[in-house]
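Everything below concerns the one structure shown next.
The values are calculated or read from the model by the stated rules, or taken from the named source; none is laboratory data. Computed from a predicted model, the values in this text were never measured in an experiment. Here Cβ is always computed from backbone atoms with ideal geometry, including for glycine, and neighbour counts include all displayed protein chains. Please note that ligands, DNA and RNA were not included when accessible areas were found on the heavy atoms of the full protein model with its side chains. Shrake-Rupley method; radii C 1.70, N 1.55, O 1.52, S 1.80 Å.
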Amino acid sequence: MGRVYNFSAGPAVLPEEVLVRARDELLDWCASGMSVMEMSHRGKEFVSIARKAEADLRELMAIPAHYKVLFLQGGATAQFAAVPMNLLRGKRKADYVNTGHWAKRAMAEARKYCEVHVAASAEDRNFSYVPPQDRWSLSPDAAYVHITSNETIGGVEYHWIPDTGDVPLVADASSHILSRPIDVTRFGLIYAGAQKNIGPAGLTIVIVREDLIGSALPITPSIFDYKVQADNESMLNTPPTFAIYIAGLVFEWIKDKGGLAAMERINAEKARLLYDFLDASDFYATPVAKADRSRMNVPFTLRNPALDEEFLRQAKERGLVQLKGHRSVGGMRASIYNAMPIEGVQRLVEFMREFAHKHG
Ligand code: PMP
């Protein structure tokens, strides 16, 4: 079988050009006679790879010099704990906006370290929207405000940046980082697991404003202390070298394609194709409020769930895979990250149209 169109939510599709280059360089990286996997993380070859990856990410996202960029491990889940451990800075409370599954996971972890105040929640309508800021109740004494800027399971995305005044805004951007330009200066901290839009699982990116670090709780493990990691250029211990290398290739790929503005144009077009089709259909439905629909993760259902298995089977036959929705919500979900070509979405829509025609 050739390569399929992979709609997985993560680990997810990577750009084919990146995989081909990694294959070509696998046994011998740049005449070093070694695979990147075999290099010392402190040797000049790997240090050059890591520095270039950081420089390219800074350029892509226009990250100012007073922000640190950390390459960590433990996934976004580790950051659910690391964020309060590092950012409480003597305060006792943090504000969280509850938009669904991942926001709840972040809150549950933070409760081990501080008082979590739910500033707003979309639970009243089954997490199908982003609560508008005029309905938030922010605490003046909060250490930070945490949002999940794209809910990977619910398919709900912020298309605006909240204004939290002097209180730092923290975003779990795992599933839409690099999908469009964002103004980093509006955030105190942005974190993301790599396995959706960045590269292989095992790498976690943290972008944090310098003045917020350096007062971690005394119990903070050194590997999750942003100041310690920043002082050690994210190499307090052995970093996930191969994942950093692949992330670097993905950053180069995005630059070659025209950067984040180009990503946004293509992503908007892909999402429009799929949502327009869903909106015009009686056979399928999608639950999310139009203004808050994710461009990355598109959940949808068949009006007749008895057809779900048949839908997935026939899709797979066409090389359209990993469309099953998250086990907690059921239905379907098409994740259409940067590396999903528009042809993949066109093929999906074509298949969905035919399936509806046959079974409607
Ligand atoms: N936050 C979001 C928005 C996610 O989508 C995920 C993973 N799907 C996580 C956090 C957890 O990430 P990890 O598995 O990297 O810990």
Right, A261: at pLDDT 95 or above, of a type in the set (G, A, S) and open to solvent by 70 Å² or more (accessible area, probe 1.4 Å) or not?
no
Within region 36-122, helices (runs of 4 or more DSSP H) holding 1 or more residues that are under 26 Å from Q195 (Cα atoms) and more than 16 Å from the ligand (Cβ to nearest atom)
44-61, 75-87
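Working only within region 95-116, note down all residues that are open to solvent by 50 Å² or more (accessible area, probe 1.4 Å), free of Cβ contacts under 8 Å to residues at least 40 places away in the same chain and of a type outside the set (G, A, S). Don't jump to the end; show me each part of the working.
Of the residues in region 95-116, the ones open to solvent by 50 Å² or more (accessible area, probe 1.4 Å) are 101-102, 104-105, 108, 111-113, 115.
Add one more test, that the residue is free of Cβ contacts under 8 Å to residues at least 40 places away in the same chain, and what stays is 104-105, 108, 111-112, 115.
If the condition is that a residue be open to solvent by 50 Å² or more (accessible area, probe 1.4 Å), free of Cβ contacts under 8 Å to residues at least 40 places away in the same chain and of a type outside the set (G, A, S), then K104, R105, R111, K112, E115 are the ones that fit.
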Within region 201-233, tally of residues that are surrounded by 19 or more Cβ atoms within 10 Å (Cβ to Cβ), of a type in the set (S, T, N, Q) and in a helix (DSSP H, G or I)
1
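Looking for whichever is not small (G, A, S) and not in a helix (DSSP H, G or I) here; the options are R353, R327, R313. Which one fits?
Going through R353, R327, R313 in turn, the sole match is R327.
Whether any residue in region 239-255 is open to solvent by less than 50 Å² (accessible area, probe 1.4 Å), over 28 Å from M34 (Cβ atoms) and assigned to a helix (DSSP H, G or I) is what I want to check.
At the first step, the residues of region 239-255 found to be open to solvent by less than 50 Å² (accessible area, probe 1.4 Å) are 239-241, 243-254.
Restricting the remaining residues to those that are over 28 Å from M34 (Cβ atoms) gives none.
Checked against the condition, which is being open to solvent by less than 50 Å² (accessible area, probe 1.4 Å), over 28 Å from M34 (Cβ atoms) and assigned to a helix (DSSP H, G or I), region 239-255 yields no hits at all.
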Within region 142-154, does at least one residue satisfy the condition of being among the small types (G, A, S), within 12 Å of the ligand (Cβ to nearest atom), over 29 Å from A53 (Cα atoms) and touching a residue at least 60 places away in the same chain (Cβ under 8 Å)?
yes
Please verify whether G193 is within 20 Å of the chain's Cα centre (by Cα), farther than 17 Å from R58 by Cβ and in contact (Cβ under 8 Å) with a residue 24 or more places away in the chain, treating the condition exactly as stated.
yes
Residue within region 158-167 that is surrounded by fewer than 24 Cβ atoms within 10 Å (Cβ to Cβ) and either at pLDDT below 95 or near the ligand (Cβ under 10 Å from one of its atoms) (or both) present:
no
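Can you pull out the residues in region 181-195 that are more than 16 Å from the ligand (Cβ to nearest atom) and open to solvent by 10 Å² or more (accessible area, probe 1.4 Å)?
Restricting attention to region 181-195, the residues satisfying the condition of being more than 16 Å from the ligand (Cβ to nearest atom) are 181, 183-186, 188.
P181, D183, T185, R186, listed by residue number.
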Do we have any residue at all in region 49-70 that's open to solvent by 20 Å² or more (accessible area, probe 1.4 Å), more than 22 Å from L260 (Cα to Cα) and out of contact with any helix residue (DSSP H, G or I) (no Cβ under 9 Å at 6 or more places or on another chain)?
no
Suppose the filter is within 19 Å of I223 (Cβ to Cβ), touching a helix residue (DSSP H, G or I) at 6+ places or on another chain (Cβ under 8 Å), open to solvent by less than 10 Å² (accessible area, probe 1.4 Å) and not hydroxyl-bearing (S, T, Y); does I198 pass it?
no
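When you scan region 10-24, do you find a residue that is among the basic types (K, R) and within 16 Å of the ligand (Cβ to nearest atom), even just one?
Residues of region 10-24 among the basic types (K, R): 21, 23.
Filter again for within 16 Å of the ligand (Cβ to nearest atom), leaving none.
Checking region 10-24: not a single residue is among the basic types (K, R) and within 16 Å of the ligand (Cβ to nearest atom).
Is it the case that region 304-318 has a residue that's open to solvent by less than 10 Å² (accessible area, probe 1.4 Å), touching a strand residue (DSSP E or B) at 6+ places or on another chain (Cβ under 9 Å) and farther than 30 Å from R51 by Cβ? Reasoning before the result, please.
Within region 304-318, the first condition is being open to solvent by less than 10 Å² (accessible area, probe 1.4 Å), and the residues that meet it are 311, 315.
Pick out the ones that are also touching a strand residue (DSSP E or B) at 6+ places or on another chain (Cβ under 9 Å) and you get 311, 315.
Now restrict to residues that are farther than 30 Å from R51 by Cβ: 311, 315.
Scanning region 304-318, I find at least one residue that is open to solvent by less than 10 Å² (accessible area, probe 1.4 Å), touching a strand residue (DSSP E or B) at 6+ places or on another chain (Cβ under 9 Å) and farther than 30 Å from R51 by Cβ, so the answer is yes.
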